[in-house]
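Participant: Okay, handing you the structure first.
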Amino acid sequence: MAGSALLDALRDHDPHVAGTFPLGLDLRSSDIDLLCHAPDGDAFARLLWGVASGYPDFTMRQWTGGTRAVIASFTIDDLPFEIFGDPRPVESQEGWLHFTVEQRLLELGGDRFHAAVMATRQTGAKTEPAFAQVLGVEGDPYAALAALSAKSDAVLGRLLATAGFTPQAG
């Protein structure tokens, strides 16, 4: 089963591709992230076991707190995948909130902002901490980006300007 067949197997779970690849911020160590709506964690785990356990490097785990999300990791054609199944709809998950605000910031911030985030990633920073560092945002970068996801483009543009980046016209 290749990547497209995997998406087909997950279709009832509203899979969304997120993370560094679609943002153009991937490194050699990056994985392809799939966020899924999985209201029944046990059933989702059984599905993942059935469709992905035969792939190299397969692991699966479930958080013991919070939403008790199910996460599976494996490799297809030398590309690492991570599937995240959470009982909340994808549009409500932190990973999706982070991804969408990162997309907006990259669009508004232009090439120079993209290059600054990528340069920070190349020093070893994870994606959210790289955005926070480049923007000069203090505190927990994951909480900060989730909070920024609800802000308007005008507010994001002011944040970019404060950090020294000229916002691009939308």
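The values are calculated or read from the model by the stated rules, or taken from the named source; none is laboratory data. Everything numeric here is computed off the predicted structure, so don't read it as measured data. Cβ coordinates were reconstructed from backbone atoms using ideal geometry, including for glycine residues, and neighbour counts include every protein chain displayed. For the accessible areas, the whole protein counts, side chains as well, though only heavy atoms, and no ligand, DNA or RNA atoms are used. Shrake-Rupley method; radii C 1.70, N 1.55, O 1.52, S 1.80 Å.
Participant: Please list log₁₀ I(q)/I(0) at q = 0.08, 0.12 Å⁻¹ for the chain, using the Debye equation with identical point scatterers on the alpha-carbon positions.
Facilitator: -0.26, -0.58
Participant: Return the sequence-ordered ³J(HN,Hα) values of the range 25-42 in whole Hz as given by the Karplus equation 6.51 cos²θ - 1.76 cosθ + 1.60 applied to θ = phi - 60°, using x for Gly and Pro.
Facilitator: Once rounded to whole Hz, the list reads 10, 6, 10, 4, 8, 5, 10, 8, 9, 10, 9, 10, 8, 10, x, 10, x, 5.
Participant: If M60, M118 are ordered by their accessible area, calculated over protein heavy atoms with a 1.4 Å probe, which sequence runs from highest to lowest?
Facilitator: These residues rank, largest area first, as M60, M118.
Participant: Can I ask one more? Roughly what % of DSSP beta bridges within the range 29-170 run antiparallel, to the nearest 5?
Facilitator: 65 percent
Participant: Computing the accessible area with a 1.4 Å probe over protein heavy atoms, can you report the carbon and sulfur percentage for the chain?
Facilitator: 53 percent
Participant: Please give, to one decimal in nm, the separation of the simple spin-label points placed at R112 and A163, each 7 Å out from Cα toward the Cβ.
Facilitator: 1.4 nm
Participant: Something else: With the other protein chains left in place, how much accessible area per residue, in square angstrom, belongs to the range 52-170 at a 1.4 angstrom probe?
Facilitator: Here the per-residue accessible area is 51 Å².
Participant: Gain in length, F58 to D140, computed as 0.36 nm per residue apart minus the alpha-carbon separation, to one decimal in nm?
Facilitator: Result: 26.5 nm gained on full extension.
Participant: Between the helical axis of 94-121 and the dominant principal axis of the chain, each derived from Cα atoms, what acute angle in degrees is found, rounded to the nearest 10?
Facilitator: 50 degrees
Participant: If a paramagnetic tag sat 7 Å from the Cα of E91 along the Cα-Cβ line, which residues of the range 136-159 would have the backbone N under 17 Å from that point?
Facilitator: Residues passing the 17 Å test: 149-152.
Participant: Please identify the longest segment of the chain free of exposed chymotrypsin sites (Phe, Trp or Tyr not before Pro), where exposed means a DSSP state other than H, G, I, E or B and no more than 16 other Cβ atoms within 10 Å.
Facilitator: Answer from the scan: 64-170.
Participant: For the Cα atoms of the chain, what angle does the longest principal axis make with the long axis of helix 153-162, in degrees from 0 to 90, nearest 10?
Facilitator: The angle comes out near 60 degrees.
Participant: Please compute the contact order of the range 1-139 in relative form: average sequence separation of alpha-carbon pairs under 8 Å and at least six residues apart, divided by the residue count, as a percent.
Facilitator: Reported relative contact order: 22 percent.
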